[in-house]
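One structure coming up, written as structure tokens, with questions to follow.
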Amino acid sequence: MDLLKGKIALVTGASRGIGNAIAELFAQNGASVYANARKIGSLDSLLAKCENSSGRIMPLYFDVTDAAAAKQAVMRIKKESGRLDCLVNNAGIMPDALIGMIDQKVAREVFEVNVFAVMELIQLAARVMVRQKSGSIINLASIVGVNGNKGQLVYSASKGAVIAMTKTAAKELAPAGIRVNAIAPGMIDTDLFRSVGAEKVSGLLRNIGLGRLGKPSEIANAALFLASDMASYVTGQILGADGAALV
Amino acid sequence: MNHSEKYEAAFVSALGISKDDLPGLQYQGVAAWDSIGHMQLIFALEEAFGIMLDTSDIIDLSSFEKGKELLRKYDVEL
Ligand SMILES: NC(=O)c1ccc[n+]([C@@H]2O[C@H](COP(=O)([O-])OP(=O)(O)OC[C@H]3O[C@@H](n4cnc5c(N)ncnc54)[C@H](OP(=O)(O)O)[C@@H]3O)[C@@H](O)[C@H]2O)c1
């Protein structure tokens, strides 16, 4: 299927996990995808995977917390492609700490990546999308941003902020034809999730109604829907994709 | 078009107003110059002069006159 034929997308944090799956699926659906990651070369395998898709991948290496670099990136997209149809704010970090053990420096880092970078990219993308009077912004939130979770005071707060930003941006940008939605994944099999440790993972599995971890491709499917014209009347929504997980 | 004409044309096209409305025009002084109109204006100015404005300047661009002053930072003399 070519649900995103001719569309221009920017996906942050596309070197691994969910962002990687989103970039791949978008390219398979005909989009020209500017894929972002930090380490030069870390998008090579994505490029190779997408060689024969109807869309294409264009690597854009920058740290999302570097506002000047983010601006350069959007400027490049604007120059090369003249438009931006979809922004996926996916890059995120999840260092866990129990209350009483929270390092302020780490907490700030989490907010830099998970919140402030998202805020900046929403602004930059909106400036391009407003002109074309259309666009879809998709933010990766989390089930813990909705429900909270032990040991995740900082991370859950950052994802709660993502949810609030999504709802506000949707209201503010709707008159310009820009849709803003978030996906709130449950437990998805990626490096980020596995970082909690193998023992904890097997315990957590018992809390998932569907009895298994989600796959990055399953979150990518939700993103594809929100990016496509199939979701043309959907905005300000937080789409849970959690296999009936209890958190 | 010289720089001044380009500058005026950006306001006229982005906000859908007439050239006569420009002198003394302030942010939110006309219905079209709201937050969406502001983004459209920024895009139009960036396109016209091949620049990308810093967020601090976007926030500062509060009037037709102020914009001229800000553009000087980007080597655009009006
Ligand atoms: N996996 C889950 O269970 C789960 C659940 C709910 C929500 N989420 C959210 O989904 C998103 C993706 O998670 P994931 O599980 O796919 O994570 P992941 O496997 O750890 O991948 C994270 C991606 O983000 C990139 N990244 C991190 N910091 C960055 C920065 N400062 N600048 C640019 N890129 C950066 C990483 O690139 P590098 O290679 O440069 O490190 C990597 O590509 C995150 O926002 C996460 O919070 C995940």
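Quick check on region A:81-110: of everything there that is within 16 Å of the chain's Cα centre (by Cα) and within 12 Å of the ligand (Cβ to nearest atom), which residue is nearest to the other protein chains (Cβ to nearest Cβ)? First the steps, then the outcome.
Filtering region A:81-110 for residues within 16 Å of the chain's Cα centre (by Cα) gives A:84-94, A:110.
From the residues that got through so far, the ones that are within 12 Å of the ligand (Cβ to nearest atom) too are A:88-94, A:110.
Numbers: A:Val88: 20, A:Asn89: 17, A:Asn90: 22, A:Ala91: 20, A:Gly92: 22, A:Ile93: 23, A:Met94: 27, A:Val110: 22 Å.
Filtering first and then ranking leaves A:Asn89.
Please note which helices (runs of 4 or more DSSP H) are completely contained in region A:157-246 and include at least 1 residues that are at pLDDT below 95. Talk me through it step by step, then tell me what you get.
Numbers: elements: A:191-194, A:198-205, A:216-227.
By residue number, A:191-194, A:198-205.
Please go through region A:165-192 and give me each residue that is of a type outside the set (D, E, K, R), farther than 21 Å from A:Leu224 by Cβ and either near the ligand (Cβ under 10 Å from one of its atoms) or within 15 Å of the chain's Cα centre (by Cα) (or both), ordered by number.
Scanning region A:165-192 gives a single hit, A:Met165.
Just a yes or no: is a residue in region A:225-239 within 11 Å of the ligand (Cβ to nearest atom) and more than 14 Å from every other protein chain (Cβ to nearest Cβ)? Spell out the reasoning first.
In the first step, residues of region A:225-239 are kept if they are within 11 Å of the ligand (Cβ to nearest atom); the result is none.
So far as region A:225-239 goes, no, none of its residues is within 11 Å of the ligand (Cβ to nearest atom) and more than 14 Å from every other protein chain (Cβ to nearest Cβ).
Looking at (1) away from the ligand (no atom under 15 Å from the Cβ); (2) in a loop (DSSP other than H, G, I, E, B), which is the one condition that is false for A:Asn149?
For A:Asn149, the failing item is (1).
Follow-up question, since we're still on this one. Within region A:130-142, identify whether any single residue is within 14 Å of another protein chain (Cβ to nearest Cβ), part of a loop (DSSP other than H, G, I, E, B), out of contact with any strand residue (DSSP E or B) (no Cβ under 6 Å at 6 or more places or on another chain) and not polar (S, T, N, Q), and answer yes or no.
Taking region A:130-142 first, the residues within 14 Å of another protein chain (Cβ to nearest Cβ) are A:130-135, A:137.
If we keep only those that are part of a loop (DSSP other than H, G, I, E, B) too, we end up with A:133-134.
So of that shortlist, the ones also out of contact with any strand residue (DSSP E or B) (no Cβ under 6 Å at 6 or more places or on another chain) come out as A:133-134.
Then drop every residue that is not not polar (S, T, N, Q), which leaves A:133.
Yes, some residue in region A:130-142 is within 14 Å of another protein chain (Cβ to nearest Cβ), part of a loop (DSSP other than H, G, I, E, B), out of contact with any strand residue (DSSP E or B) (no Cβ under 6 Å at 6 or more places or on another chain) and not polar (S, T, N, Q).
Does A:Val64 fit the bill of being within 14 Å of the ligand (Cβ to nearest atom), β-branched (Val, Ile, Thr) and over 15 Å from A:Ala223 (Cβ atoms)? Steps first, please.
Details: within 14 Å of the ligand (Cβ to nearest atom): yes; β-branched (Val, Ile, Thr): yes; over 15 Å from A:Ala223 (Cβ atoms): yes.
Judged against the criteria, A:Val64 is a match.
Tally up the residues in region A:173-213 that are loosely packed, with under 15 Cβ neighbours inside 10 Å and within 14 Å of chain B (Cβ to nearest Cβ), please.
The qualifying residues number 2.
When you go through A:Lys159, A:Lys215 one by one, which is the residue that is within 15 Å of the ligand (Cβ to nearest atom) and farther than 29 Å from B:Ser35 by Cα?
The match here is A:Lys215.
Another question, then. Looking only at region A:33-75, count every residue that is within 20 Å of A:Ser136 (Cα to Cα) and without any contact (Cβ under 8 Å) to a residue 24 or more places away in the chain and tell me the total.
1
Hey, among B:Gly50, B:Gly37, B:Gly67, B:Gly24, which residue is at positive phi and either surrounded by 14 or more Cβ atoms within 10 Å (Cβ to Cβ) or within 12 Å of chain A (Cβ to nearest Cβ) (or both)? Working first, answer last.
Details: B:Gly37 fails: at positive phi; B:Gly67 fails: at positive phi; B:Gly24 fails: either surrounded by 14 or more Cβ atoms within 10 Å (Cβ to Cβ) or within 12 Å of chain A (Cβ to nearest Cβ) (or both).
Going through B:Gly50, B:Gly37, B:Gly67, B:Gly24 in turn, the sole match is B:Gly50.
Could you pull out the residue among A:Arg212, A:Arg194, A:Arg206 that is basic (Lys, Arg), in contact with a helix residue (DSSP H, G or I) (Cβ under 8 Å, 6 or more places away or on another chain) and without any contact (Cβ under 8 Å) to a residue 24 or more places away in the chain?
Details: A:Arg212 fails: without any contact (Cβ under 8 Å) to a residue 24 or more places away in the chain; A:Arg206 fails: in contact with a helix residue (DSSP H, G or I) (Cβ under 8 Å, 6 or more places away or on another chain).
Testing whether each residue is basic (Lys, Arg), in contact with a helix residue (DSSP H, G or I) (Cβ under 8 Å, 6 or more places away or on another chain) and without any contact (Cβ under 8 Å) to a residue 24 or more places away in the chain leaves just A:Arg194.
Just to be sure, is B:Ile17 buried (at least 16 other Cβ atoms within 10 Å of the Cβ), assigned to a loop (DSSP other than H, G, I, E, B) and within 13 Å of another protein chain (Cβ to nearest Cβ)?
Judged against the criteria, B:Ile17 is not a match.
Which condition number does A:Gln123 fail, the rest of (1) outside any loop (DSSP other than H, G, I, E, B); (2) within 16 Å of the ligand (Cβ to nearest atom); (3) polar (S, T, N, Q) being met?
Status for A:Gln123: all satisfied but (2).
Can you find, within region B:23-66, the residue that is nearest to A:Lys171 (Cα to Cα) among those that are part of a helix (DSSP H, G or I) and among the β-branched types (Val, Ile, Thr)? Lay out the reasoning, then the answer.
Step one: list which residues in region B:23-66 are part of a helix (DSSP H, G or I), which gives B:35-49, B:55-60, B:64-66.
When the remaining residues are screened for being among the β-branched types (Val, Ile, Thr), the result is B:36, B:42, B:55, B:58-59.
On the way: B:Ile36: 12, B:Ile42: 20, B:Thr55: 21, B:Ile58: 21, B:Ile59: 20 Å.
It comes out as B:Ile36.
Something else now. Mind checking which residues of region A:126-185 are among the polar types (S, T, N, Q), free of Cβ contacts under 8 Å to residues at least 40 places away in the same chain and over 21 Å from A:Gly19 (Cβ atoms)? Can you show your working first?
Of all residues in region A:126-185, those among the polar types (S, T, N, Q) come to A:132, A:134, A:136, A:139, A:142, A:147, A:149, A:152, A:156, A:158, A:166, A:168, A:181.
When the remaining residues are screened for being free of Cβ contacts under 8 Å to residues at least 40 places away in the same chain, the result is A:156, A:168.
Within region A:126-185, just A:Thr168 meets the criteria.
The values are calculated or read from the model by the stated rules, or taken from the named source; none is laboratory data. Because the structure is predicted, anything quoted here is derived from the model rather than measured. Using ideal geometry, Cβ is built from the backbone for each residue, glycine included, and neighbour counts are taken over all protein chains shown.
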